[in-house]
Amino acid sequence: MSLTSYRAAPPRAKSAPWPAANCSEKVNMARRWGAKIHLAQDIHRHGIAPVIAALPSSGRFFVTLDVDGLDPSVMPGTVALAPGGLMWWHIIELFEALAAKGQILGLNLVELAPKNDLNQISMIGAGRLMLKLIMLQLMKSHGKTG
């Protein structure tokens, strides 16, 4: 998943959970570019709090959720399965923090492959994640929390 925080300067991803620890060249390239990488392995060890702490306050966020970064037990309907990927509650907690810290501008959900899905788990999950993010922003816009 990548998070782009929009400011007066050109948009640039500043903090993103990274699904696999075995892609060191990509990680190093992203770090040289200025991205702060949070490996799924580290999120499993330390929770999602370090990712949330790295997000800017009062940010404007556009979320790209690449579903192949989620564990196959959560999202089996993708082409590139990532055992050890992020879990459902990591994403929910991150979405709640985004809504609390700033404004959610939009969501792009990618890499969903319905033909590979099991009992529509991924389709239902993707729909619920999209709805969760939309509802969090709507509730915030109307002064409600939850």
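The values are calculated or read from the model by the stated rules, or taken from the named source; none is laboratory data. Computed from a predicted structure; not experimentally measured. So basically every Cβ, Gly included, is an ideal-geometry build from the backbone, and we count neighbours across all protein chains shown.
The table for this structure:
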read-out: Residue count, the stretch 122-146 (criterion: more than 18 Å from the chain's Cα centre (by Cα) and assigned to a helix (DSSP H, G or I)); value: 4
read-out: The stretch 113-141 residues that are farther than 21 Å from Met87 by Cβ, paired with ones that are β-branched (Val, Ile, Thr) (beta carbon under 6 Å, 6 or more apart); value: Gln137/Ile104
read-out: When residues of the stretch 27-69 are limited to those that are farther than 18 Å from Trp89 by Cβ and among the aliphatic types (A, V, I, L, M), the one modelled with the lowest pLDDT; value: Val27
read-out: Test for Thr78: is it in contact with an Asp or Glu (Cβ under 9 Å, 6 or more places away or on another chain) and among the β-branched types (Val, Ile, Thr); value: yes
read-out: Condition check for Ile43: in a helix (DSSP H, G or I), of a type outside the set (Gly, Ala, Ser), touching a residue at least 40 places away in the same chain (Cβ under 8 Å) and crowded, with 19+ Cβ neighbours inside 10 Å; value: yes
read-out: Residue satisfying all of: in the stretch 112-142; under 17 Å from Phe62 (Cβ atoms) and not hydrophobic (A, V, I, L, M, F, W, C); modelled with the highest pLDDT among these; value: Lys132
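Per-residue answers, yes or no, for (1) in a strand (DSSP E or B); (2) under 11 Å from the mean Cα position of the chain (by Cα):
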site: Ala53; (1), (2): no, no
site: Phe62; (1), (2): yes, yes
site: Pro72; (1), (2): no, no
site: His90; (1), (2): no, yes
site: Leu98; (1), (2): no, yes
